[in-house]
Amino acid sequence: MKKYILASLALYLTVSIISCSKSSPSGNNGGTGGGGTITCGLSVSFSTNIKRILDANCTSCHAPANANALALAKWSYDGSYSSAFNNRSNISLQVVNGSMPQTGGLPSTVRDSIKCWVDKGAAN
């Protein structure tokens, strides 16, 4: 079920909102190596795009009710804009570098959407 949700979310983000695109300075858009830049296109907001990503991928460990997980987690996410906004830099860093979520990396479109959201001021 979780894989289905992630796949659906990735497809939705790719087809519907395509908010960011990756391009490398060399013009080679293939591969996963560093050196590429993310160019943000359409606006990305918490309520429209980011909340569902965080709800699906972060609450199992970062929800305030999960005391065992929070002992290891550096931040908590209660589903609100303020908790995401207050932790936006850490969320972006951990997701973009691939260390979160611990259950596996997110599709590049999802990672890019989070980075664009933070880079553009983390709008609600």
Next item on the list: Give Thr39, Thr59 a once-over and let me know the one that is more than 15 Å from the chain's Cα centre (by Cα) and modelled with pLDDT of 55 or more.
Entry: Thr39
Next item on the list: Hey, can you tell me all the residues within the stretch 94-124 that are assigned to a helix (DSSP H, G or I) and either among the hydroxyl-bearing types (Ser, Thr, Tyr) or farther than 21 Å from Gly79 by Cα (or both)?
Entry: Ser108, Thr109, Ser113
Checklist line | Subset of the stretch 65-88 (residues that are surrounded by 13 or more Cβ atoms within 10 Å (Cβ to Cβ) and at pLDDT below 85) | finding: Asn66, Ala69, Leu70, Ala73, Trp75, Ser76
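The values are calculated or read from the model by the stated rules, or taken from the named source; none is laboratory data. Given the structure is predicted, the values throughout are model-derived calculations rather than measurements. Reconstructed Cβ throughout: ideal geometry from the backbone, glycine too, with neighbour counts over all protein chains shown.
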